[in-house]
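Encoded as structure tokens, here's the structure I'll be asking about.
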Amino acid sequence: MRIFLLLFGGYILYLAFEYIFGKVWKKHLSVSLYCKKDCLYEGEQIELIEEVRNQKFLPIPAVKIKFTIDRSWVEREKAGRNHVTDQYYRNDLLSVGSYEQIQRKLVFICTKRGYYVLGAVDVFVSNFFYSKEYVFRINKEQWVYVFPRRCHSAELEFVHKKILGEMYARRNLLEDPFSFAGIRDYQSYDGMNRVNWKASARTGGLKVNRLESATDVSIHIILYFQEHNGNWDSQIEEYLIRLTATIAEGLLKDGIQVTLSSNGCDVETGMQVCVKAGAGEHHIDSIDRGLARIDLKQGGSKIIDFASIFKEEKESVILLTDCQSESFLEKLTNVVPQDRSFFWIFPHYRSASIAIKENLRKYLITICIDEL
């Protein structure tokens, strides 16, 4: 009889615990998943924080957190040896005491440019006897920009100086000689008649006068992708994006106004990515965000209004593309003006053939990417 009473009492206690746990398990329990920053560059590390708070007396014996992120995010501790399929799946189990907060930091290396979402998180909570599991979902989203990394090469430095040389040569024709704007370091494209000898003697290095321009000089960058096809080379397209960011950043640092147009599609809206004209180093953030959102899986849109871009006043144009199709070359031949600074930056493999029409070759600047 005593054993029966003990068993019955134990069963009642078990039911009471299950009932109480079922009523209060979610009260003052919060689970969050977030990153400390929402933008970084390709190849950089980001901390992903898992946080569980239990602000009540009743402990939680088991909290299981499940979420997925893009497979281009590689966990640092498993870099080079973790096997990832279409997504990276994470499944963590925690035990949280009464009035306890647990925070776990996961470090990932973002290996690919893009616009990523930390979406839904599924949380499974087990009772004391592991006889029942309660489930809820967190739908709060955080978007993270992974900006294109910068390119560094002697070839690119030469390209930058060539573009600046022509820009300043054109600007010198329009400068107001009575409007002094300051002093800057001498560059290889500056004439000796521009040297400020007093400032040079005082500083120990060649300095030139910087004058206000009678017209604002700016650059319109066009990032053009080939139409999507089965043999599309994503490596060279990604390099085009990195090259665009690098060139834009360099021009902005030199005080040149930059506009960006592309036939690449925004991953969210499906519209062409365009960034309006802007100046100053802060403008590179807008350009980086636009480039990060380009979805190469959608391919290049067929429509881009080259004619209107080349008709814009005061604009020099930089075109970045590896496209050599007949229709594209014909379109470009018809719109390129003869009285405008125009540069076509063409990245290619060393073994690739370049079949550009003679009338366009004078604008061409080729960059070999085999050593990348």
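Of S98, F128, C39, which is farthest towards the positive pole of the stretch 28-147's charge dipole, taken about the Cα centre with +1 and -1 on the beta-carbons of Lys, Arg and Asp, Glu respectively?
So the residue we want is F128.
Relative contact order for the stretch 28-147: what percent, with Cα pairs under 8 Å and sequence separation of 6 or more?
Details: 286 pairs, mean separation 41.4, N = 120.
Relative contact order comes out at 34 percent.
For the peptides 317-324, 87-94, what is the packing order when you average, over each peptide's residues, the other Cβ atoms within 10 Å and list the highest mean first?
317-324, 87-94
Quick one: 3J(HN,Hα) in Hz for the stretch 322-334, Karplus 6.51/-1.76/1.60 with θ = phi - 60°, rounded, Gly and Pro as x.
10, 6, 10, 5, 4, 5, 5, 5, 5, 4, 5, 4, 6
In addition: Normalised by the residues of the stretch 98-141, what does the relative contact order come to in percent, with Cα pairs under 8 Å and at least six apart? All intermediate terms of the calculation are to be shown ahead of the outcome.
Details: 32 pairs, mean separation 14.5, N = 44.
Relative contact order here is 33 percent.
Further question on the same structure: Among M1, M271, what is the fewest-to-most ranking by other Cβ atoms within 10 Å? Numbers along the way, then the final one.
Working: M1 5, M271 9.
In order of increasing Cβ crowding within 10 Å: M1, M271.
All of the numbers you see were taken from the coordinates with simple rules; none came from a lab. On a predicted model such as this, the values are computed, not experimentally measured, just so you know. Positions of Cβ are backbone-derived with ideal geometry, glycine not excepted, and every protein chain shown enters the neighbour counts.
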